[in-house]
Structure formats: C-alpha cells, structure tokens
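The values are calculated or read from the model by the stated rules, or taken from the named source; none is laboratory data. In this text the structure is predicted, and so the values were computed from the model without any measurement. Neighbour counts run over all protein chains shown; Cβ positions are idealised from the backbone, glycine included. Remember, those area values only see protein heavy atoms, side chains included, never the ligands or the DNA or RNA. Shrake-Rupley method; radii C 1.70, N 1.55, O 1.52, S 1.80 Å.
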Amino acid sequence: MNPLHLLFEGTVTTPLGFTAVAVAAGLKKENQLDLALIVSENECSCAAMFTKNQVVAAPVIVDRETLAQNNSRLRAVVINSKNANACTGEPGLANARATQQIAATALGCAPNQVLVLSTGVIGVQLPMDKLEAGIIDGALELSRDNGRLAAEAIMTTDTHPKHLAVNVDLPGGPVFIGGMAKGAGMIHPDMATMLAVLTTDAAIAPDVLDSLLKTAVNQSFNRISIDGDTSTNDTIFLLANGASGTAVTDPDCVQKFSAALNQLCTALAQMIVRDGEGATKFVEIQVTGTQSDEDAHQIANTIAISPLVKTAFAGSDANWGRLLMAAGRAGVAFDQTKINLWIGVQQANELQLVANGTPTGYQEADAAAVFAEPEFKI
C-alpha cells in the first residue's frame, strides 16, 4: 500500500503511546492556550534539527546539550508560546533548565528526558511562576484527545493550528507518524521561525531517525521561504517510542517510512507557507536540468527571495524576465540559450513562456491569468 495516499488530519497523539495537554498558563492575554506538553508513555529515540542562525535562543542551547547526553530515552517536550526566551542571557538558560526540572518532577522522569521549546517575543524573561503552575496542572490532564489543542497552544502569529498524521503499512504491522508545526513569519530555508514536533509509534534507532529527519527536512521545511529571514528558535524534533511493536530496520521498511515522513513534512511546510504573514500567493518553483540538487536549490532559492520577483507575484505581473534575472545571479553556471520556462496552475495546462532562452508566441493575457491565481507553479 502506498503510504503517500494515507495522509489525514491527525495529530502528534495519533501514534500509540503519546499524550498531550494544552494550558492557558497566563503568558498570553484573555485566557488563550499558551503552553503544551507532549508526553510519551515509553522512552523515545529522538532526532532534531535546529536553526543555523548564530543568535540562538536558550531552549536551542539547552536541547542541543540534552540530546548530546541522551538521544534514546526521551519522554517529553514542553512548549510555550508568547515568549521566545531568546537573547535572555544566563537567566534565560537557567529558566530553560528549570523548565526541564519542573516537567521532570511533574512527570516522574529525569530532566535530561525533557526537551523544551519556546516561541514568541525576543528579549523577555520567562514568567517562571506561571510556567511552573501550568506544567504542574497540565501534567494531570494528559490525554490522547488533546493533540489539536496542543497545536493551537504553540501558535504565535499563525491564524490556525497546523497538524497532520500519516499511516504506514509495514510487514511487521502498521505504524503512525503524527506532526504539528507553527510558523508564519521569519520563514526561510535553514529552518526559520518555526517549531515542529513529529512523533511515531515505530521503533527506530537514533542514528536511523537522524538520517530520516535530515532527508525529510531538506525536502520540505528547508525548501520554503516567505520573507527571507531565519530565526533564533527554529527547531524540529522527531520522537519514536516503539509503542506499535513494529521496528523500522530493513531497507524496504526504511524506504517506506521515509516516503511517508517526507510527505508529512512537505504537507506541514506547505501549511506554514499558506499561512505566512502578509502572504497572498502560494508559488511552487521547480528547477530541473542542473548538475546537482544543490544547484537546483540554489537557483530556486534565489528566485524565491528576490524582491523584484516577489513584487511581480504580488502584483500578478507576468514579468518573466525577473525570473531569469534571478536565476542568472544565483551563482550556478548554465547556458542561457537552453533556458525553458513554464508556468501553470495544473500540470496538464502549463504555458511555456520561454524556449531555448527566447520568448515563445504565448498570449500576454494567458500568462497574466496564471500570475493572478492564488496558487501556481513555475
């Protein structure tokens, strides 16, 4: 069975053995949800990827330290919104570590079995009294039914929660992968101001999990851009607790699991783009014919972040010269007499604008109609 056909509106608690809770701890106004706990009944293998920004938040520092000590016995993730705990110095680091200790005490595990995530305003210390009370209260209300609320609690400028799940049929039995993400601003490849937590009830070794996550992120979250800015807090976790009793070990199982994970991450990444701050268009840019995937990405990325290209998109202006200009300054050598350019909403009805480096006989009105669509492909 093809796992790519089984994406559905699940959550991080869809996989067996995971529970969650969402709490209004008082970080946001008007009793809004602002704190989430994701907890596994079993110890988890864990893989992670973080921002490449040199200015990093306290949770990123603490999580890197924690996973260096322990990447095979994780139990929980604590996430707060409204406050990024970034540029907060030693007090911020102490607060991130204190959050681990508070959660560990409440859940009955060790501090290095807890990961912490924060998102929100930079440069403000966490209100630890509110956070502590929220964690203690939340630990008593964990449930498999709270996955969607957890996705809501981590939102900042997002307009809606982002969560999905996928089922993968393997020879040893079916497994689930669930995920939630947040992000709407500071979105650009090399993560962005986004947080994501992925869970699975498959049994997977940490080194295999790490490879799977890197592949998935590099095909999804690291292929999106809204405003060209990366952030201080970008983090994605993938936790595997083995509760299904199905192990992902042989190459065929790894390939099937990887395909489903890639599908899930791509869908979550696209949800982030569609919810981008000020975004009015969803544009997919495909580049083929280069000598490597890295070259293709470099060209596509240069097009995506070009201010002139973005203004053409926003103004529904089919000024394809800006696309070629951006491709030409990407730092990848190519023969301009071999450039072909298509645009379209549906692949079957794509319109070719450029053939072998020169314009085709297309009708300007047809091109403008494509650029006026809310979603199109280049």
*Would you be able to say whether some residue in the stretch 3-11 is farther than 28 Å from Asp129 by Cβ and modelled with pLDDT of 95 or more?*
yes
_All positions within the stretch 52-70 that are out of contact with any strand residue (DSSP E or B) (no Cβ under 7 Å at 6 or more places or on another chain) and open to solvent by less than 20 Å² (accessible area, probe 1.4 Å)_ = Ala58, Asn70
*Within the stretch 297-378, strands (runs of 3 or more DSSP E) holding 1 or more residues that are farther than 20 Å from Arg274 by Cβ and not small (Gly, Ala, Ser)*: 341-343, 351-355
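Here is a yes/no grid of residues against (1) of a type outside the set (S, T, N, Q); (2) surrounded by 24 or more Cβ atoms within 10 Å (Cβ to Cβ); (3) in contact with a helix residue (DSSP H, G or I) (Cβ under 9 Å, 6 or more places away or on another chain); (4) modelled with pLDDT under 95:
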| position | (1), (2), (3), (4) |
| --- | --- |
| Phe221 | yes, yes, yes, yes |
| Ser231 | no, yes, no, yes |
| Leu238 | yes, yes, yes, no |
| Asn241 | no, yes, no, no |
| Ala247 | yes, no, yes, no |
| Val254 | yes, no, yes, no |
| Phe257 | yes, yes, yes, no |
*asked:* I'd like the residue in the stretch 99-130 that is part of a loop (DSSP other than H, G, I, E, B) and touching a Ser or Thr at 6+ places or on another chain (Cβ under 9 Å) and, out of all such residues, is least open to solvent (accessible area, probe 1.4 Å).
replied: Leu126
*asked:* So, in the stretch 242-301, exactly how many residues are of a type in the set (Gly, Ala, Ser), over 30 Å from Phe334 (Cβ atoms) and out of contact with any strand residue (DSSP E or B) (no Cβ under 6 Å at 6 or more places or on another chain)?
replied: 4
*asked:* Kindly evaluate Ala243 against the criterion of being in contact (Cβ under 8 Å) with a residue 60 or more places away in the chain, of a type in the set (A, V, I, L, M) and assigned to a loop (DSSP other than H, G, I, E, B).
replied: yes
_Would you confirm, using the coordinates I've provided, whether Ala133 is farther than 18 Å from Thr13 by Cβ, open to solvent by 10 Å² or more (accessible area, probe 1.4 Å), in a helix (DSSP H, G or I) and in contact (Cβ under 8 Å) with a residue 60 or more places away in the chain?_
yes
*Does Ala296 count as buried (at least 16 other Cβ atoms within 10 Å of the Cβ), touching a residue at least 60 places away in the same chain (Cβ under 8 Å) and under 26 Å from Glu350 (Cα atoms)?*
no
*asked:* Please count how many residues of the stretch 29-51 are among the charged types (D, E, K, R), modelled with pLDDT of 95 or more and open to solvent by 30 Å² or more (accessible area, probe 1.4 Å).
replied: 2
*Six or more apart or on different chains, Cβ under 6 Å: which pairs go from a residue in the stretch 180-208 that's modelled with pLDDT under 95 to one that's of a type in the set (A, V, I, L, M) and open to solvent by 10 Å² or more (accessible area, probe 1.4 Å)? Could you list them?*
Lys182/Met155; Ile187/Ile226; Ala192/Met186; Thr193/Met186
*asked:* Can you say whether Ala96 is free of Cβ contacts under 8 Å to residues at least 40 places away in the same chain and open to solvent by less than 10 Å² (accessible area, probe 1.4 Å), as far as the supplied structure shows?
replied: yes
*For residues that are of a type in the set (D, E, K, R) and modelled with pLDDT under 95, scanning just the stretch 336-365, find the one that is nearest to Lys281 (Cα to Cα).*
Glu350
